[in-house]
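Taking it in order: structure first as structure tokens, then the write-up.
The values are calculated or read from the model by the stated rules, or taken from the named source; none is laboratory data. The model shown is predicted, which means the values in this text are computed figures rather than measured ones. Positions of Cβ are backbone-derived with ideal geometry, glycine not excepted, and every protein chain shown enters the neighbour counts.
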Amino acid sequence: MKPLDLNLLHIVVALHEERSVSRAAERLGVSQPTLSGALAKLRESLDDPLFVRAGGAMQPTEKTLAMLKPIREMLTLVRDDILVSSRFSPASVSSAVTVALSDVGEMVFMPRLMEAVRAQAPQAVLRSVDLPHSALPEALEAGQVDLAIGYFPDLARANIYQQRLMNHHFVCLLRAGHPLASRSRLTLAQFLQLEHAVVRAPGRSQEIFEQHLKDQRIQRKVALTTPHFLSIPAILARSDLIVTVPHAMGIAFGRPEYGLKAVQLPFRSPPIELRQHWHRKVHKAPRTIWLRQLVAKLFNDERDEWKQAAA
């Protein structure tokens, strides 16, 4: 068997996910020539080009695709079982810490999580990813994602652990100069009379509110649907539309600098139960234990900064 440096196998995973030598090199913290040289060694050892350039990207060969799963399993085993120290220290973490978050989830979790990770693991790179719901279980199993934090109902599976963190709710946003902006809560008649913008984002939390309206047989006047939360402030500022959003977003955008105001719904808001999720394969891995304990300490009913701001 030809000599094979197992340290080089990280390159296969990084190149497959990034499809670019420069981006893979940046992710692994090496120079582009260094990565190219390592790839050449791998090609010689495995007697296969592994990746070929096509359509402006590095595309994996059939052999690479066949090797990906065992390579990921082996790297996870080495990282979490063989190289684990009983005296684990977050300061020793130098690899990427990857969490799956929606755009609203980033607003809720990322500022405090970034601050805490940088304080305890200054060498780590914190990565936030927004994956399709169907791809997230596989990403957790493959070790591509350490934690999924937020509302992910598709992760209610036997091989994925979860922990409740806190509950959020929904509020309405409208422009500060809106005729109803002086109110703290809408009446049902006002809610039904107004024209609504509806966000149908990739995140699942909005489905809770839509299902609640359906269950209560409440029909809004929908004037706009959009997949983006980011455009909402600009849209509302130039119209009399109203939008219903998770209350963390209502607090963030309902400020004078955005020219918007948050008001309460005319009925009891359905709760958004926010949880953290991780795969059973890393349940006892010290690195993942540290990360999820950190998240649980930062985000709970007692320390929910968004809840305090909404009070």
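Any residue at all in the range 258-266 that is in contact with a Pro (Cβ under 9 Å, 6 or more places away or on another chain), assigned to a helix (DSSP H, G or I) and hydroxyl-bearing (Ser, Thr, Tyr)? Checked against the condition, which is being in contact with a Pro (Cβ under 9 Å, 6 or more places away or on another chain), assigned to a helix (DSSP H, G or I) and hydroxyl-bearing (Ser, Thr, Tyr), the range 258-266 yields at least one hit.
Number of residues in the range 269-311 that are of a type in the set (Val, Ile, Thr), out of contact with any Asp or Glu (no Cβ under 8 Å at 6 or more places or on another chain) and buried (at least 20 other Cβ atoms within 10 Å of the Cβ): the value is 2.
Per-residue answers, yes or no, for (1) under 30 Å from Val263 (Cβ atoms); (2) touching a helix residue (DSSP H, G or I) at 6+ places or on another chain (Cβ under 8 Å); (3) hydrophobic (A, V, I, L, M, F, W, C):
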position: Gly105; (1), (2), (3): yes, no, no
position: Val108; (1), (2), (3): yes, yes, yes
position: Val117; (1), (2), (3): no, yes, yes
position: Leu131; (1), (2), (3): no, yes, yes
position: Pro137; (1), (2), (3): no, yes, no
position: Leu140; (1), (2), (3): no, yes, yes
position: Gly150; (1), (2), (3): yes, yes, no
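Scanning the range 139-188 for residues that are free of Cβ contacts under 8 Å to residues at least 60 places away in the same chain, surrounded by fewer than 17 Cβ atoms within 10 Å (Cβ to Cβ) and assigned to a helix (DSSP H, G or I) returns Pro153, Asp154.
A quick yes/no check of all residues on (1) in contact with a Lys or Arg (Cβ under 6 Å, 6 or more places away or on another chain); (2) among the hydrophobic types (A, V, I, L, M, F, W, C); (3) modelled with pLDDT of 90 or more; (4) more than 29 Å from Arg157 (Cβ to Cβ):
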residue	(1), (2), (3), (4)
Phe229	no, yes, no, no
Ala234	no, yes, yes, yes
Ala237	yes, yes, yes, yes
Leu241	no, yes, yes, yes
Gly250	no, no, yes, yes
Glu257	no, no, no, yes
Ser269	no, no, yes, no
Arg275	yes, no, yes, no
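If only residues of the range 270-311 that are aromatic (Phe, Trp, Tyr) and outside any helix (DSSP H, G or I) are counted, the one that is farthest from Arg112 (Cα to Cα) is Trp278.
In the range 95-111 there is at least one residue that is in a loop (DSSP other than H, G, I, E, B) and more than 20 Å from Trp290 (Cβ to Cβ).
Does Pro122 satisfy being in a helix (DSSP H, G or I) and modelled with pLDDT of 90 or more? Against the criterion (in a helix (DSSP H, G or I) and modelled with pLDDT of 90 or more), Pro122 does not qualify. If the condition is being surrounded by 12 or more Cβ atoms within 10 Å (Cβ to Cβ) and either without any contact (Cβ under 8 Å) to a residue 12 or more places away in the chain or not assigned by TED's automatic domain parsing to the domain that holds Leu194 (or both), then the range 212-227 contributes only Leu213. For beta carbons closer than 7 Å, sequence separation of 6+ or different chains, a first residue in the range 54-65 that is under 10 Å from Leu15 (Cα atoms) and a second that is assigned to a helix (DSSP H, G or I), the qualifying pairs are Met58/Leu15; Met58/Val21; Pro60/His16. Hey, any hits in the range 234-242 for a residue that's of a type in the set (S, T, N, Q) and closer than 19 Å to Leu180 by Cβ? Yes, that holds for at least one residue.
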